[in-house]
1. Please state which one of 39, 43 is modelled with pLDDT under 95 and buried (at least 16 other Cβ atoms within 10 Å of the Cβ).
2. Determine the pairs where a residue that is closer than 17 Å to residue 115 by Cβ, located within region 83-102, has a partner that is surrounded by fewer than 18 Cβ atoms within 10 Å (Cβ to Cβ) and of a type in the set (Ser, Thr, Tyr) with Cβ atoms under 6 Å apart, the partner being 6 or more residues away or on another chain.
3. Right, residue 88: within 27 Å of residue 137 (Cβ to Cβ), more than 11 Å from the ligand (Cβ to nearest atom) and assigned to a helix (DSSP H, G or I) or not?
4. Could you grab me the full set of residues in region 1-26 that are more than 8 Å from the ligand (Cβ to nearest atom), open to solvent by less than 30 Å² (accessible area, probe 1.4 Å) and either among the hydrophobic types (A, V, I, L, M, F, W, C) or part of a loop (DSSP other than H, G, I, E, B) (or both)?
5. If you check every pair at least six apart or on different chains, which have Cβ atoms under 7 Å apart with a residue in region 57-80 that is outside any helix (DSSP H, G or I) first and a residue that is aliphatic (A, V, I, L, M) and open to solvent by 60 Å² or more (accessible area, probe 1.4 Å) second?
6. Residue check: is residue 142 of a type in the set (A, V, I, L, M) and in contact (Cβ under 8 Å) with a residue 24 or more places away in the chain?
7. State all residues of region 198-212 that are in a helix (DSSP H, G or I) and either in contact with a strand residue (DSSP E or B) (Cβ under 9 Å, 6 or more places away or on another chain) or closer than 20 Å to residue 118 by Cα (or both); if no residue qualifies, say none.
8. In region 158-189, what residues are buried (at least 18 other Cβ atoms within 10 Å of the Cβ), closer than 15 Å to residue 17 by Cα and in contact with a helix residue (DSSP H, G or I) (Cβ under 8 Å, 6 or more places away or on another chain)?
Amino acid sequence: MSKTLVLGAGGQIGQMVVASLRDSGCEVRAQVREPARFSEGDSFGGSLQGIELVTGDLEQDISALFEGVDQVVFSAGSGASTGFDKTLLVDLWGACRAIDCARDAGIRQFVMVSSRGANNPDNGPERIKPYLVAKHFADKHLVESGLEYVILQPGRLLDEPACGRVTTVRPVDPAEQIISRRDVADAVLLSLGNEALNGKTIELFKGETELAEALAAV
Ligand SMILES: NC(=O)c1ccc[n+]([C@@H]2O[C@H](COP(=O)([O-])OP(=O)(O)OC[C@H]3O[C@@H](n4cnc5c(N)ncnc54)[C@H](OP(=O)(O)O)[C@@H]3O)[C@@H](O)[C@H]2O)c1
């Protein structure tokens, strides 16, 4: 059975991915910065059983986290409440170092949660351009790493239930460039171990096509 390392596992998408992997009986290692935050309550859908919780920080040496792992999900992000220093150190440099660690460890597949607009930051909202530039170069580093990869570039994330239907074509109206975190988590889960998706960079928005069908059609 393959083992998955989730970076940014304590985040909203990260927790969904970890909980789903655990619930399907898959081996999962979940990187968080402060494990004490997850010892009680409803983290990871209520239970830590079946989850290997590990402490790590993308601003530090994380190479040990990759030992014995087959596939990696990167769903970390510095978030909107931090400055551009963290955009550089986490979204760009932390991601690049994670990619290098994965390559050095011989990881089979790396699934990246990137962002809509990362392909061309000049066309994105000016307000988040530094973030898009960071995501752009992290994605580029992954593409050039020699790793098998899937890059998911979701639109603005919403805390809504899964819609289950998406489009991989960016809607013209920015207000429609949205998707629920649950749908992104499901796209990550469908990407893991899916060789047909390797080498693909996929924008994802709420849409009309069933998720698996939309991914397969890219
Ligand atoms: N917000 C949007 O509209 C949007 C759109 C497209 C793509 N994205 C991307 O989607 C991804 C996931 O989104 P989300 O809503 O699940 O994010 P989230 O809830 O903010 O989770 C991000 C996680 O990253 C972790 N993190 C931050 N700095 C770190 C560091 N130095 N080392 C290790 N982990 C660190 C945080 O860890 P702690 O739990 O320790 O704080 C947090 O758990 C992110 O990559 C984001 O950039 C977001």
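The values are calculated or read from the model by the stated rules, or taken from the named source; none is laboratory data. Keep in mind it's a predicted model, so treat the numbers as computed, not measured. All Cβ positions, glycine included, derive from the backbone under ideal geometry; neighbour counts span all protein chains shown. Areas reflect the complete protein model, heavy atoms only, side chains present, ligands, DNA and RNA absent. Shrake-Rupley method; radii C 1.70, N 1.55, O 1.52, S 1.80 Å.
1. 43
2. Here the result reads 99/145, each pair linking region 83-102 to a residue that is surrounded by fewer than 18 Cβ atoms within 10 Å (Cβ to Cβ) and of a type in the set (Ser, Thr, Tyr).
3. Numbers: within 27 Å of residue 137 (Cβ to Cβ): yes; more than 11 Å from the ligand (Cβ to nearest atom): yes; assigned to a helix (DSSP H, G or I): yes.
It is true that residue 88 is within 27 Å of residue 137 (Cβ to Cβ), more than 11 Å from the ligand (Cβ to nearest atom) and assigned to a helix (DSSP H, G or I).
4. The answer is 5, 6, 17, 18, 19, 21.
5. The qualifying pairs are 59/89.
6. So residue 142 passes the test.
7. The one that is in a helix (DSSP H, G or I) and either in contact with a strand residue (DSSP E or B) (Cβ under 9 Å, 6 or more places away or on another chain) or closer than 20 Å to residue 118 by Cα (or both): 211.
8. Listed by number, the residues that qualify are 181, 182, 183, 184, 185, 186, 187, 188, 189.
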